[in-house]
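The values are calculated or read from the model by the stated rules, or taken from the named source; none is laboratory data. From a predicted model like this one, the values you see are computed outputs, not experimental measurements. Ideal geometry is used to build each Cβ from the backbone, glycine not excepted, and the neighbour counts take in all protein chains shown.
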Amino acid sequence: MTDTPSTGQRAELARPHAAPEKRGTPDDRPGTPAAGPAPRATPPGLAGADALLGTDTTRFRHDYLEVRGLRVEFDGFVAVRDVDLTVTQGDLRFLIGPNGAGKTTLIDAVTGLVRATGSAAFGGSELLGRTTHRIARAGVGRTFQTASVFEELTVLQNLDIAAGARRRPLTLLRRRTTTPPAVEQALETVGLTAQRDLPAGVLAHGQKQWLEIGMLLVQDAHLLLLDEPVAGMTQAEREETGQLLRRIGSQRVVVVVEHDMEFLRSFADSVTVMHQGRVLAEGTVAEVQNDPAVVEVYLGTPAEPAGDVPAGTVPAGTVPADAAPADAAPADAATREGEPR
Amino acid sequence: MTVPTALLRPGRTRTLAAFGLATVLLLLAPAVLSPFRLDLLAKFLCLAMVAVGIGLAWGRGGLLTLGQGVYFGLGGYLMAMHLKLADAGPGGVPDFMLLYGTGQVPGWWEPLRSPVAAIGLILLVPAVVAGLLGWAVFTRRVRGAYFAILSQALAAAFAILLIGQQQTTGGTNGLNGFRAFFGYDLADPANKQMLYLIAAAVLLVMIAVVRGLTASRFGELLVAVRDQEDRVRFLGYDPALVKVVAYVVAAVMAAVGGALFVPVVGIISPADVGVVPSIGFLIGVAIGGRATLLGPVLGSIAVSWAQTSISEQFPSGWIYFQGALFILVVAFLPGGLASVTGLLPRRRSAPAHDDGGTGTEPGTGLAAEGNRA
Ligand SMILES: Nc1ncnc2c1ncn2[C@@H]1O[C@H](COP(=O)(O)OP(=O)(O)OP(=O)(O)O)[C@@H](O)[C@H]1O
Ligand SMILES: [Mg+2]
């Protein structure tokens, strides 16, 4: 295959999709990732999302994630214990917690990547004990902490594969002649139309994460588990992503793992705080921010080993705005998932 | 106009051009080569069939198929058994069985008396074996070096099994001394030429099949499985199934190569199916460029040709030469000789256009050398 382009070329290729320069005012929805030369009437991103998600809010009303007594053990080390979690459609749920709290492990357990005990059901059917690809077919989609797209394949090919798990063998053995409409809409939604024929490996980090969200959309996942989807994004990109997640959250069950407190305050409907494998608190943003136990964890008491917040840099009584920068994840957490970089 | 077709066009034209050139060269060979050299080329083409399959399974799918000798051998021995039975005539007993065996044809040989059954089994047996083995191995997530070691062990075991069954498989001597191929006298040069043309045509068909698979959605999926197996799983596919398909295709191609090798060369023995030939198949592919379409074929032909000509002069020199070449390629040209084009200065075009056709030029040169030999 072709070699990965040099970094110079990479930066150049990443440029065409520059983020909007000034931040949108609250009523000027900044969901215009694919902004062409001329401004358009409707933000293309969200219009595409509408087409993909549909507007029928009743159809999946009964879809909800229900986790009961979940426990994950690694060679005697209990990474997740006694976790109960219920997330419904229309409730954009954020999952936060210090490094090593077990957030990723929780997602791993629900998606079949690690063995777990207890129960995790989506739409009434049990997920634990099924193989990963069966869980995916049951409508569960996820992203990874480190963007994992198929780097040698183009953006279009990435999305086309994501859209095709239900294709028949004979369709698979043929060449793709037209772009499936869902893929077209996803390209628009995540603002990668101009990059459709670039290898995904040359995309900027934020674009890769958008591509992953696009893949979840065409995959037609009804439960989306996103592990730090805005890590490494600029402020403007975060804003766009947040809008998109809100839009998706109104039609799907969405759980977002995130460290960025400002992002959380802007977009979360509700928050679950995890600490040392347990659920520490749950409620609205305001509720958890004022929860003494949460404040204690985030201020870094002697009992907190992660120590990701230098004590004294934040006013007492509030969760620090940037409790743990997204890229502060320890190296082992990033490499553990066996992904490149 | 859709962008993908526009992008595919240049690569497609180049592939078609390379394909056309290869066809012309292969058709010209009988006119310029002596019968002896033509026979040699036919043998190289049979070995190259194995390489085409490896190019798909290893180059595209990342499966380190280090045991293709097994499938080559299955195809070869099934064909050899049929030819032996046909030579013996209806109800007859192959000569070596009269010599070493009980003088009775074992029951499991009997189905191979029919030419149709023989051809069917040559395709079916390797497909079933590879399908079962691949399924067992890939669903248990055996990958990389472990899969390679397993393949090697299988090739070794297969060769040992053949050696041990002197009465029914010919043992170390293998099966040889075939007189006719589906009724055509193998001593007649015209028939040997026909065999060469069959081998050339089959090889071209195989290249076209791999090209089609690579360009299909399955081909894209295979690359995705190679690079991010877990990600594919989270999209709702079973990667094991994708790998099994690639593995089975490679196995059947190796078997067909083996089946045609038998009438061309006139012998198949455990030495053609064990560990060493299995590695040899892979080396040609690595040297030619495993991820390209024509790289594996041309690499394989070039290595076979070099092996023949070097062994003619320095009987024991080949093994060192092959080892050195392999190390050089792996260390300095991981993409194989096909990637040399990428190193040469050339007119800048859009990056996406460089794909697909990269393997053609230097390899074509090698093929031309092979023809001159
Ligand atoms: N495969 C594994 N084997 C052993 N220990 C593991 C494994 N996966 C995770 N752990 C441990 O489980 C704990 C929870 O890890 P997890 O990755 O779920 O944390 P997290 O909340 O996602 O943290 P971060 O914010 O850094 O991503 C950590 O202590 C981690 O070291
Ligand atoms: Mg994590």
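Sub-8 Å Cβ pairs linking a first residue in the stretch A:96-125 that is acidic (Asp, Glu) to a second residue that is within 16 Å of ligand 2 (Cβ to nearest atom), at least 6 apart or interchain, are A:108/A:72; A:108/A:114, ordered by first then second residue. Checked against the criterion of being within 14 Å of chain B (Cβ to nearest Cβ) and more than 16 Å from ligand 2 (Cβ to nearest atom), the candidates A:246, A:176 yield just one match: A:176.
Residues of the stretch A:154-166 that are within 7 Å of chain B (Cβ to nearest Cβ) and either surrounded by fewer than 18 Cβ atoms within 10 Å (Cβ to Cβ) or closer than 15 Å to residue B:239 by Cβ (or both): A:161, A:162, A:164, A:165. For the stretch A:79-170, the strands (runs of 3 or more DSSP E) that sit wholly inside it and include 3 or more residues that are more than 16 Å from ligand 1 (Cβ to nearest atom) and touching an Asp or Glu at 6+ places or on another chain (Cβ under 9 Å) are A:117-122. So which residues in the stretch A:173-194 are buried (at least 19 other Cβ atoms within 10 Å of the Cβ) and in a helix (DSSP H, G or I)? Once the filter is applied, which keeps residues that are buried (at least 19 other Cβ atoms within 10 Å of the Cβ) and in a helix (DSSP H, G or I), the stretch A:173-194 yields A:182, A:183, A:184, A:185, A:186, A:187, A:188, A:189, A:193. Residue A:171 passes every criterion in (1) modelled with pLDDT of 90 or more; (2) at the interface with chain B (Cβ under 8 Å from one of its Cβ atoms); (3) more than 27 Å from residue A:246 (Cβ to Cβ) apart from (1).
Within the stretch A:220-243, the set of residues being assigned to a strand (DSSP E or B) and away from ligand 2 (no atom under 14 Å from the Cβ) comprises A:223, A:224.
Among the residues of the stretch A:255-264, is there at least one that is surrounded by 22 or more Cβ atoms within 10 Å (Cβ to Cβ), away from ligand 1 (no atom under 16 Å from the Cβ) and under 30 Å from residue A:154 (Cβ atoms)? Within the stretch A:255-264, not a single residue is surrounded by 22 or more Cβ atoms within 10 Å (Cβ to Cβ), away from ligand 1 (no atom under 16 Å from the Cβ) and under 30 Å from residue A:154 (Cβ atoms).
Residue A:72 - would you say it is more than 9 Å from ligand 1 (Cβ to nearest atom) and of a type in the set (A, V, I, L, M)? No, not satisfied. Of all the listed residues (A:75, A:63, A:82), the sole one being modelled with pLDDT under 95, within 16 Å of residue A:250 (Cβ to Cβ) and among the acidic types (Asp, Glu) is A:63.
Count of the stretch A:188-198 residues, restricted to those that are within 12 Å of chain B (Cβ to nearest Cβ), touching a residue at least 60 places away in the same chain (Cβ under 8 Å) and not polar (S, T, N, Q), is 2.
Exactly one residue among A:104, A:117 is within 14 Å of ligand 2 (Cβ to nearest atom) and either surrounded by 24 or more Cβ atoms within 10 Å (Cβ to Cβ) or not basic (Lys, Arg) (or both), and that residue is A:104. The residues of the stretch A:96-135 that are under 15 Å from the mean Cα position of the chain (by Cα) and within 11 Å of another protein chain (Cβ to nearest Cβ), listed by number, are A:107, A:108, A:111.
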